[in-house]
Amino acid sequence: MPQRDAMERARDFEEVNKGYCFAHAMFEAERCLRCQDPVCMEGCPVRIPIADFVHAIAAGDLPRAASILRTANPLPAICGRVCPQESQCELKCHMAKRFGPVAVGHLERFVADWERSQPVGEPPPSPWQSARVAVVGSGPAGLVCAGQLARQGYPVTVYEALHAPGGVLRYGIPEFRLPNAILDWEIEALKRLGVEFVNNVVIGKTITLDDLFDRHGFAAVFIGTGAGLPKFLGIPGENLNGVYSANEFLTRINLMQAFQFPEADTPLKVGKRVAVIGSGNTAMDAVRSARRLGAEQALVVYRRSEAEMTARIEEYHHAIEEGVEFHWLTNPVEVIGDDDGWVTGLKCLQMELGEPDESGRARPVPIDGSEFELPVDNVVLSIGTTPNPLLAKTTPGLATHPWGGLVVDENKGETSRRRVYAGGDAVTGAATVILAAGAGKSAAEAIHQDLSAGI
Amino acid sequence: MAVIREKRDLTPITKMLRVEAPLIAESAKAGQFVIVRVRERGERIPLTITDYDRDRGLVTIVVQEVGVTTRCLGALREGEEILDIVGPLGEPPQLEAGGHVIGVGGGYGAAALLCLMRERKELGDRTTIIVGARQKDLLILVDELRAVCDRLELCTDDGSAGFKGLVTERLRQLIDGDSPQRPNRVLAIGPMPMMRAVADTTRGTGIATQASLDPLMIDGTGMCGGCRVTIGGEVKFACVDGPFFDAHLVDFDEAVQRSKMYVKEEALATCRQSEAVQADAR
């Protein structure tokens, strides 16, 4: 995949990858071995007929490739960019064993980007079903559920708590990885299908879930509220000035455009040395954003080793190219501050790997007397998120697991409340865009079945 | 979008806006807040709901023009729109009904006592409101406040109205010894130093005291954690766990420190805004 020069791109928020040209895409698609049994599909959480769309590209038939893709995955331009392909489809690819795998993600992105450049078709008929459906949350699960229901003729209203739709795709993932223009295009496409978007409404606060049925006349509700509650470590000094959750750090940048301060009104403090704690995609997004905002030293601090890192491999490589430093087996134990309450350092312990823990990964154990201090101006915590309890707290009878996830029926995605369905991170805890999209899609099918059967 | 239906200047820099927001008005409870964004690329700021009118679908907010966003908001006229408004957010204060409650308000925080104290009175509480300002003409909503409580106490630094001195000095007189005015609960809304002083005044008296914290926040739904405050050694999010907390347990040192996080940026942005306004005038 052609990409922008690392030193040039590490100073702005423009997209890193440039995308394939047609010839490059054809060439990549031709690398497919046309296996009798295309195992790549088994690696895909939503079972995209990968071989079929790749062969359509090889045949130069982009409209067909686009139609195959979009039928199976309603968010191809997004998933092509953010899916961890190396642990899904590309892991299964037979080419992967001796050569590189067919770059399924890059091809998916290519087809979706081509589709976006095409003229918009005839507007579809207006909704023909009488039952109205409300979707709570406009992240990947909600967008896909809304789209699938709209295609079945349902009038759908999507409620979003923030002032712009997209959920984590808007506030979480930076533009250098997922440009807003792509998200905007997907949302416009849904609006053309008749989906109504209502921003600035917090279901559970502005309108209760019960009122969606009783007073607003919805026949079914899909909850796709994600996992937006940031975890903190609970170590001393976490409330010092200059310490952020990754959610806050990235929201200030992505949603509030703090990188344009003072042209944009929301500020962000980024010092010369920024430590990001964690090793997932969010940590990579945060540390690379810090670099782009002028941090001379942008560090990742992670208590396990490189092998246990959970980020997409491409993001890790991009981070290294952009000059991010990695401190593996480093466990932060305290944030140090000055008399005015500002961060000056991060006290850490050096770790070594021990026996496997309950997650099956080698447990990091501290090395005696290894305590040391990293001098830093900011600490960004990216150690995970849990489902937001706000809706469950205000909705009688909506059952949750002790860790906060909504309890759903496995087949239908129906919650403990009748005609209330849920999917995505709100059910699984923090996972991937593609899993959320898949959950939104199957919930839409269940909603359609239940509503049309009058169950 | 929310249309401003009424606007009233309370002081030269304090504006009261009645805003059309029927969904918020319908579900608002006294003590909750909204988050507003005034312009494209604007920031999100929390503002206390000072009153609501369910029948007309109106929500009242009071804004003191101290920074870029509050100035933009204060400059809007009747008929103009607030770009984004979301709420009601946060929880109303947890106070048992019955007995005597004193609401202490400082500066524009006094406005927040309007619907809070009216509600306390409706619940059967005996209600006293103490509000203070530097001088008489900076006291806001005096008639409205008087109408919603049993007794209104005014305090001014220069003695130009009511008691000469701080609200906490008057509060101390009312709680001291066997004053017949001694409350069993106190609610404090205003600038951080005032709320802290109220907490210190009632500490050790057995008078349950709640303060309404307004730290920096972005989403207001628990997502960013920017509004975290330490309450009795425990970290809480003011947006979803608050904004009301037991004032005696609040770590005010930390809260004050965190409120100063963007002082430099705020000064820079305010300066730029003033220059732009002056350039426009030329």
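The values are calculated or read from the model by the stated rules, or taken from the named source; none is laboratory data. Every value quoted in this text rests on a predicted model; they were computed, and no experiment measured them. For neighbour counting, all protein chains shown are included, and Cβ atoms are generated from backbone atoms with ideal geometry for every residue, glycine included.
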Exercise. Looking only at segment A:169-223, which residues are assigned to a loop (DSSP other than H, G, I, E, B), within 14 Å of chain B (Cβ to nearest Cβ), in contact (Cβ under 8 Å) with a residue 60 or more places away in the chain and of a type in the set (A, V, I, L, M, F, W, C)?
Worked result: A:VAL202
Problem set entry | Failed item, numbered, when A:GLY121 is tested on (1) under 26 Å from A:ASP211 (Cβ atoms); (2) assigned to a loop (DSSP other than H, G, I, E, B); (3) away from chain B (no Cβ under 14 Å) | (1)
Exercise. Among the helices (runs of 4 or more DSSP H) confined wholly to segment B:184-275, which include 3 or more residues that are at the interface with chain A (Cβ under 10 Å from one of its Cβ atoms) and either surrounded by fewer than 24 Cβ atoms within 10 Å (Cβ to Cβ) or over 17 Å from the mean Cα position of the chain (by Cα) (or both)?
Worked result: B:252-259
For this session: Answer with yes or no whether A:PHE249 is more than 8 Å from chain B (Cβ to nearest Cβ), among the aromatic types (Phe, Trp, Tyr) and in a loop (DSSP other than H, G, I, E, B).
Result: no
Exercise. Among the residues of segment B:125-138, is any in contact with a Ser or Thr (Cβ under 9 Å, 6 or more places away or on another chain), of a type in the set (Asp, Glu) and more than 14 Å from chain A (Cβ to nearest Cβ)?
Worked result: yes
Seminar exercise, completed: Taking segment B:20-38 and keeping only residues that are basic (Lys, Arg) and within 8 Å of chain A (Cβ to nearest Cβ), one is left with B:ARG37
Exercise. Taking segment A:1-38 as the region of interest, how many residues are surrounded by fewer than 15 Cβ atoms within 10 Å (Cβ to Cβ), within 19 Å of A:ALA96 (Cβ to Cβ) and within 25 Å of the chain's Cα centre (by Cα)?
Worked result: 0
Exercise. If you go through segment A:302-334, how many residues are in a strand (DSSP E or B) and touching a Ser or Thr at 6+ places or on another chain (Cβ under 9 Å)?
Worked result: 1
Seminar exercise, completed: Matching residues in segment B:44-70 (under 22 Å from A:GLN257 (Cβ atoms), in contact with a helix residue (DSSP H, G or I) (Cβ under 7 Å, 6 or more places away or on another chain) and at pLDDT below 95) number 2
Problem set entry | Total residues in segment B:89-125, condition farther than 14 Å from B:ASN184 by Cβ, among the small types (Gly, Ala, Ser) and surrounded by fewer than 24 Cβ atoms within 10 Å (Cβ to Cβ) | 1
For this session: Inspect segment A:23-35 for any residue being within 30 Å of A:ALA295 (Cβ to Cβ) and without any contact (Cβ under 8 Å) to a residue 60 or more places away in the chain and give the result as yes or no.
Result: no
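Taking the options B:VAL68, B:VAL62, name whichever one is more than 9 Å from chain A (Cβ to nearest Cβ), more than 14 Å from A:THR206 (Cβ to Cβ), surrounded by 22 or more Cβ atoms within 10 Å (Cβ to Cβ) and aliphatic (A, V, I, L, M).
Working: B:VAL68 fails: more than 9 Å from chain A (Cβ to nearest Cβ).
Only one candidate qualifies: B:VAL62.
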Problem set entry | Filter result (facing chain A (nearest Cβ under 9 Å), modelled with pLDDT of 95 or more and more than 16 Å from the chain's Cα centre (by Cα)) within segment B:71-96 | B:LEU83, B:ASP84, B:ILE85, B:VAL86
Exercise. Is at least one residue of segment A:156-170 of a type outside the set (A, V, I, L, M, F, W, C) and farther than 21 Å from A:VAL433 by Cβ?
Worked result: yes
Exercise. Are any residues in segment B:1-54 assigned to a strand (DSSP E or B), closer than 17 Å to B:GLY109 by Cβ and of a type in the set (A, V, I, L, M, F, W, C), and if so, which ones?
Worked result: B:LEU10, B:MET16, B:LEU17, B:PHE33, B:VAL34, B:ILE45, B:LEU47, B:ILE49
Exercise. Just one of the numbered conditions (1) within 13 Å of the chain's Cα centre (by Cα); (2) at pLDDT below 90 is not true of B:LEU123; which one?
Worked result: (1)
